[in-house]
There are 2 protein chains.
Amino acid sequence: MRTAGDYAQDNAERFRTELHEWLRIPSISTDANYAAECRRAADWVADNLNGIGMEAEVIPTKRHPLVYAEWLGAGPDAKTVLIYGHYDVQPAVKEDGWATEPFEPIEREGKMWGRGTTDDKGQLFAHIKAVESLLKTEGKLPVNVKFIIEGEEESGGENIEKYVHEHPEKLAANVCVISDGSMARVEQPVIVYALRGIVPLEVTVTGPKQDLHSGMFGGSVHNPLQALAEIIARLHKEDGTVAVPGFYDDVRELSEEERTALAKTPYTPEDWQADTGAPEPWGEADFAIHERIGARPTLEINGMAGGYWGNGIKAIVPEKAWAKITCRLVADQDPAKIVQLVKDYIESITPSTVKVTFKSTVTGTAAAQVDMDTPMMQAAIEAYKKGWGAEPVFKREGGSIPIVSDFLGVLKQPVILMGFGLNTDNLHGPNEHLRIDMFHKGINTSVQFLREVAVL
Amino acid sequence: MRTAGDYAQDNAERFRTELHEWLRIPSISTDANYAAECRRAADWVADNLNGIGMEAEVIPTKRHPLVYAEWLGAGPDAKTVLIYGHYDVQPAVKEDGWATEPFEPIEREGKMWGRGTTDDKGQLFAHIKAVESLLKTEGKLPVNVKFIIEGEEESGGENIEKYVHEHPEKLAANVCVISDGSMARVEQPVIVYALRGIVPLEVTVTGPKQDLHSGMFGGSVHNPLQALAEIIARLHKEDGTVAVPGFYDDVRELSEEERTALAKTPYTPEDWQADTGAPEPWGEADFAIHERIGARPTLEINGMAGGYWGNGIKAIVPEKAWAKITCRLVADQDPAKIVQLVKDYIESITPSTVKVTFKSTVTGTAAAQVDMDTPMMQAAIEAYKKGWGAEPVFKREGGSIPIVSDFLGVLKQPVILMGFGLNTDNLHGPNEHLRIDMFHKGINTSVQFLREVAVL
């Protein structure tokens, strides 16, 4: 009898050709100019889901639409798996350092290259093709399956949050699986049980009423770029800790047992060096690199600008300077409280020679720690062993998946973070990619997971 | 008999219409993309000079051409006046905050608005129209007159420097007059006897090999924007002085007599406030505001950038961050030595977690202090009294006119800095302008100066 695995193998190339079509849609959710492209990406995946035998719908929201799909043929007594993913991507232009056009995916060196290949279209598509492979060979799935796919993961995700709160019954399931993560080596899959949260803040420092001639006024005006630099320099202490008073007050500290477990798969300085290319590690000396990333909050300057940075010289004292900041949070820090602490501190250290203002348009996301004490975790371990060919380890991850907090808190579902990418795939940077073999292992692992859940 | 003054009055409107035509050419010398526009601006002024009876030529250089013109009809025994100006302008786009297009000059509220109106096309053009007014009414000039007009004043001026060194005999004169400055009030003209120099430096801080996901790596990588901010914050001390060791070693200190003379026309905090719009003055507490600007060196951040500053959020640790710095210098600081001191200091405070590199493509300009003990200064005082209608005071200015050092040092000519603008004309900023009455007073003062020099 022809298995789902056979089918996936026979159709491997066609699966990827379909994915390339989806990747070509620049569904950048952070930039309102790309709203129509987000809509196109939502329609595309809904069509694909309908085509494989799911019942899919595009659900309008105040910003980018959601896509929901279901196959409930296993019946009310069978288990239900909710699969989450997102069709939106980070901004990308070739000038950022891409070797090829970010929205013209190509395959070479055993990888698919393009924005969204790993974050998250490629990983999500592995589940869709797993479901197709089962339906086309067995005519049914071993469990009920629901997909919920959003278009705002890279930009706040407030509409799926709203939807989850308003429609918990529609998304009811025994487990949620999310593939939006990564592992260090293909031979060693990981299951992530903790994620950091994130909260953004923009700071603007203004001085003179307009750009001034630096000869005519320089020496008498506090330069806003200098003032902003002086403020930013005081946001961290020499030891790498964040200097904002109260910043660490609510941090859930690592237990010794947890530190020991995490130390089994450390992130070595050598691995770190290869991944980052930075001269040497930086950060809190009391914590290992993987702990700094997985278990400690940060305050990061994502962008800063002011004055003139075109060709040549423009001898000015600029009118203003601004910085985009995000804080990564760990359990049990409250995003709103952290933003307030940062604002209060910046106000307290801003000299009277300049003015400071803040913009904080996007709601933050709290960190999430997933309960490891569930049979669903055993199903995931078995799925990796049979579908991927290796037993996974457990780890914490430094990124944020806003929806995990909601699935945990509102839907009361265990959430399995089942990554199919590598953490060197350059998600968010130029030359994002996904290994082709990992895409196909992902399909097999997803098929296996549905089977394991069915027999629990 | 019809005087030059009558002629200038009768032709006032036509003079300004011609100037508008010149102002429409965006001769931005700092940006190589505008090289052709610089050439057009040079051709335009050469044509205008030929049209009024001068013999003008466009002299190619390795970058933007020079324009030279002469009328030597007063004979070898008569005095010779060299008039210097520049046809190049600072960059300007409407989005910077201009009320009207910067290269579509208009007249309203008694002012001409547009890039270059005061710096320096408008001021230089007053001299050209003074010469025209004399030639068209008297058929000759009271002295020999030479014009030397460059196109790189805003971007280094290395080619006029070369030309001055190579052709001192061609530019030989008894005095050089430069109108590229300004006064606080129209009723109180000033003669500037000291100018600051300037020297630029670009600093780039690099960390990781590319932009990194701030979740996956944040907390373990020294953020280049943060590192650059930390470096910049250490370039000044809390008291507003520059922290670079040796920075002040060669500074020619103000004498008590000079401080007393300068205090006669102080730059009050109220004037400063009205001009800058900044919350309150900043800088070296031991010096008055006009001293900080005129007599003290600075280290200014003209621009800084790194990471993402578009719409929305991009949660990255950026690959690099860079800052454009200029130091304003006073006599007797050496530009090359100052750049080296700043580089050495920055290198010494850069942590091993990031790398720092420098770019310093443009040669600096030393400060210039002009000898006040010359009869030419008396001629200038008389010219203002008769042509402008008020007796000038003497002051120091914070800006830089690179060529002054060369005229002083190589040509051994006294240099008279005879400003026709206001220091609120927004040169280098948006909405640059020149009062129409000051343009015409400038023409009269220039006519008078040539007459005063003739009778010395």
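The values are calculated or read from the model by the stated rules, or taken from the named source; none is laboratory data. These numbers come from a predicted model, not from an experiment. As a convention, Cβ positions derive from the backbone with ideal geometry for all residues, glycine included, and neighbour counts pool all protein chains shown.
Before moving on, here are some points about what is shown:
- On inspection, B:Glu347 passes the criterion of being of a type in the set (Asp, Glu), away from chain A (no Cβ under 11 Å), surrounded by fewer than 19 Cβ atoms within 10 Å (Cβ to Cβ) and assigned to a helix (DSSP H, G or I).
- Count - residues of region A:9-36 that are within 20 Å of A:Arg63 (Cβ to Cβ), away from chain B (no Cβ under 14 Å) and free of Cβ contacts under 8 Å to residues at least 60 places away in the same chain: 1
- Answer from A:Pro414, A:Pro392, A:Pro430 - the residue that is in contact with a Pro (Cβ under 6 Å, 6 or more places away or on another chain) and either surrounded by fewer than 21 Cβ atoms within 10 Å (Cβ to Cβ) or over 26 Å from B:Tyr308 (Cβ atoms) (or both): A:Pro392
- Taking residues in region B:101-124 that are surrounded by fewer than 20 Cβ atoms within 10 Å (Cβ to Cβ), and partners anywhere that are among the β-branched types (Val, Ile, Thr), the pairs with Cβ atoms closer than 6 Å and at least 6 places apart or on different chains are B:Ile106/B:Thr100; B:Gly110/B:Ile436.
- Subset of region A:351-369 that is surrounded by fewer than 18 Cβ atoms within 10 Å (Cβ to Cβ) and closer than 30 Å to B:Lys237 by Cα - its residue that is farthest from the other protein chains (Cβ to nearest Cβ): A:Phe358
- Count of region B:331-364 residues, restricted to those that are of a type outside the set (Ser, Thr, Tyr) and over 22 Å from B:Asp406 (Cα atoms), is 14.
- A:Thr260 meets all of the listed conditions (1) of a type outside the set (D, E, K, R); (2) surrounded by fewer than 15 Cβ atoms within 10 Å (Cβ to Cβ); (3) over 30 Å from B:Asp239 (Cβ atoms); (4) within 12 Å of chain B (Cβ to nearest Cβ) but one, namely (4).
Table: residues versus (1) of a type in the set (A, V, I, L, M, F, W, C); (2) modelled with pLDDT of 95 or more; (3) farther than 26 Å from A:Leu341 by Cα.
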| site | (1), (2), (3) |
| --- | --- |
| A:Asp249 | no, yes, no |
| A:Glu253 | no, no, no |
| A:Tyr267 | no, no, yes |
| A:Ala278 | yes, yes, yes |
| A:Trp282 | yes, yes, no |
| A:Phe287 | yes, yes, no |
| A:Pro297 | no, yes, no |
| A:Asn311 | no, no, yes |
| A:Glu319 | no, yes, yes |
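- A:Leu82 vs. criteria farther than 22 Å from A:Ile106 by Cα and either under 20 Å from the mean Cα position of the chain (by Cα) or β-branched (Val, Ile, Thr) (or both): yes
Residues are listed down the side, and each one gets a yes or a no for (1) at the interface with chain A (Cβ under 10 Å from one of its Cβ atoms); (2) among the hydroxyl-bearing types (Ser, Thr, Tyr); (3) in contact (Cβ under 8 Å) with a residue 60 or more places away in the chain:
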site: B:Arg234; (1), (2), (3): yes, no, yes
site: B:Pro245; (1), (2), (3): no, no, yes
site: B:Asp249; (1), (2), (3): no, no, no
site: B:Glu284; (1), (2), (3): yes, no, no
site: B:Arg292; (1), (2), (3): yes, no, no
site: B:Arg296; (1), (2), (3): yes, no, no
site: B:Gly307; (1), (2), (3): yes, no, yes
site: B:Asn311; (1), (2), (3): yes, no, no
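- Against the numbered list (1) within 30 Å of A:Leu422 (Cα to Cα); (2) more than 7 Å from every other protein chain (Cβ to nearest Cβ); (3) hydrophobic (A, V, I, L, M, F, W, C), B:Phe217 comes up short only at (2).
- Check on A:Leu235, in the same structural domain as A:Lys320 (by TED's automatic domain parsing) and under 19 Å from A:Ala323 (Cβ atoms): yes
- Residues of region B:321-332 that turn out to be within 7 Å of another protein chain (Cβ to nearest Cβ) and modelled with pLDDT under 95, as a count: 0
- Matching residues in region B:23-35 - criterion: being part of a helix (DSSP H, G or I) and surrounded by 21 or more Cβ atoms within 10 Å (Cβ to Cβ): B:Leu23, B:Tyr34
- In summary, A:Phe147 fulfils each of the numbered conditions (1) in a strand (DSSP E or B); (2) at positive phi with the single exception of condition (2).
- Only residues that are at pLDDT below 90 and either part of a loop (DSSP other than H, G, I, E, B) or not assigned by TED's automatic domain parsing to the domain that holds B:Arg108 (or both) were counted across region B:392-423, and they come to 9.
- Qualifying residue in region B:195-214 (condition: in a helix (DSSP H, G or I) and within 13 Å of another protein chain (Cβ to nearest Cβ)): yes
- Condition check for B:Thr100: β-branched (Val, Ile, Thr), in the same structural domain as B:Tyr34 (by TED's automatic domain parsing), at pLDDT 95 or above and within 30 Å of B:Pro430 (Cα to Cα): yes
- Flag for A:Ile160 being within 14 Å of another protein chain (Cβ to nearest Cβ), of a type outside the set (Gly, Ala, Ser) and part of a helix (DSSP H, G or I): no
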